[in-house]
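The values are calculated or read from the model by the stated rules, or taken from the named source; none is laboratory data. Please read all numbers here as calculations on a predicted model, not as lab measurements. Glycine gets a Cβ as well: all are built from the backbone with ideal geometry, and neighbour counts include every protein chain shown. In case anyone asks, the SASA skips ligands and DNA or RNA and just uses the protein heavy atoms, side chains included. Shrake-Rupley method; radii C 1.70, N 1.55, O 1.52, S 1.80 Å.
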Amino acid sequence: MSSPQLLDVSDRQSDEYAGHIAEAVRTLGDGRLAVIPTDTVYGIAADAFSHAAVGALLAAKGRGRDYPVPVLVGDPGVLHGLVTLAPESASALTRNFWPGALTVIVRYAPSLAWDLGDTAGTVAVRMPDNPVALDVLRKTGPLAVSSANKHGQPPGRTAALAAEQLGDSVDVYLEAGEVTGGQPSTIVDCTGDRAVVVREGGLSLNEIKRLLPTAIKAGA
């Protein structure tokens with residue numbers, strides 16, 4: 001394996017920026033791994049539809065299939081391509097809060113040829129509010145993305161710090177500077193009759209309830 005590339009994408013107006021994004025897109029298209037910035041942390045990205053790539057992602061983190069990998073998308077409309085029918089709760093939430101600190105759990109279409117781990121037919125989907133991530137996602141389509149760290153270690157807040165943990169298990173690291181996203185995304189399970197807030201993060205339960213009055217917090 002060749003040495004990993006650490007590519008500077010901190011200036012989207014630079015002459016090198018487009019080439020660096022293209023290199024990450026090529027890497028992901030080849031079934032290899034890339035680290036990309038998001039609005040919360042850096043993430044290890046893999047082609048969501050490549051079983052081998054998702055397996056490599058789990059191996060890089062030192063995680064098993066019992067930790068299913070979330071999926072990032074570059075456009076709200078992509079959600080509808082992943083499900084047989086998007087629940088109205090998920091559609092309303094994504095219309096109002098994407099891109100941003102919202103992850104929705106939905107049942108994915110049985111026809112999808114992917115394997116994200118032991119998901120029981122569901123997938124967690126988010127559209128990050130980060131221009132570099134979106135530049136990649138709009139060229140690759142849905143990516144399986146998990147925080148860029150070894151399991152049990154803190155996520156790297158720069159690509160260089162992520163590389164210290166992950167080394168040559170990742171081929172391309174996109175360095176956009178320190179990510180200080182603060183709170184993680186709020187996770188809302190939209191698979192049932194009522195939306196259930198599984199984890200409260202960047203969006204509060206009250207914000208969710210203003211849009212979906214019947215939403216409840218898990219365990220309530």
- Residue among 201, 152, 188 farthest towards the positive dipole end of the stretch 120-208, charges placed on Cβ: 188
- In whole angstrom, how far apart do the alpha carbon centroids of the stretch 159-201 and the stretch 1-29 sit? 20
- Message: Keeping every protein chain present and rolling a 1.4 Å probe, give me the accessible area per residue for the stretch 1-50 in Å².
- Response: 46
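Would you calculate, for the chain, the mean residue ellipticity at 222 nm contributed by helices, counting each DSSP H stretch of 4 or more residues as -39,500 (n - 2.57) and dividing by all residues, to the nearest 500?
Numbers: 7 runs with 63 residues, N = 220.
One gets -8000 deg cm²/dmol as the mean residue ellipticity at 222 nm.
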- Item | Reported label for calculated Rg and Dmax of the Cα atoms in Å given (i) 16.7, 53; (ii) 17.2, 57; (iii) 16.1, 47 | (i)
- How large is Rg/Rh for the stretch 37-119, to two decimals, with Cα atoms and a Kirkwood Rh? 0.96
- Query: For labels at residue 205 and residue 168 in the simple 7 Å Cα→Cβ model, what's the distance in nm?
  - Reply: 4.9
- Leaving out same-chain residues fewer than 8 places away, which lysines sit with a Cα under 30 Å from that of residue 150? 61, 139, 217
- Taking only the alpha-carbon positions of the stretch 14-76 as identical scatterers, the Debye log10 I(q)/I(0) at q = 0.17, 0.18, 0.24, 0.29 Å⁻¹ comes out as -0.64, -0.71, -1.13, -1.37
- Segments 209-217, 71-79 sorted - mean Cβ within 10 Å per residue, highest first: 71-79, 209-217
- Name the most mobile residue of 111, 185, 50, meaning the one with the largest mean-square fluctuation, in a Gaussian network model of the chain with Cα contacts below 10 Å. 111
- Message: Cβ neighbours within 10 Å, averaged per peptide: list 38-47, 148-157 in order, most packed at the top.
- Response: 38-47, 148-157
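Which percent of the accessible area of the chain is formed by carbon and sulfur heavy atoms (probe 1.4 angstrom)? Please list the in-between numbers first.
Values: 4970 of 9860 Å².
Answer for the chain: carbon and sulfur cover 50 percent of the accessible area.
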- Plugging the Kirkwood radius over Cα pairs into Stokes-Einstein for the stretch 135-176, at a temperature of 4 °C and a viscosity of 1.567 mPa s, what D comes out in µm²/s? 115
- Charges only on Cβ, +1 for Lys and Arg, -1 for Asp and Glu: so what's the dipole of the stretch 110-155 about the Cα centre, in debye to the nearest 20? 120
- Message: When the expected Rg is taken as 2.2 N^0.38 Å, what fraction or multiple of it is the alpha-carbon Rg of the stretch 132-220?
- Response: 1.38
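May I ask you to give the solvent-accessible area per residue for the stretch 78-178, in square angstrom, as obtained with a 1.4 angstrom probe?
Value returned for the stretch 78-178: 41 Å² of accessible area per residue.
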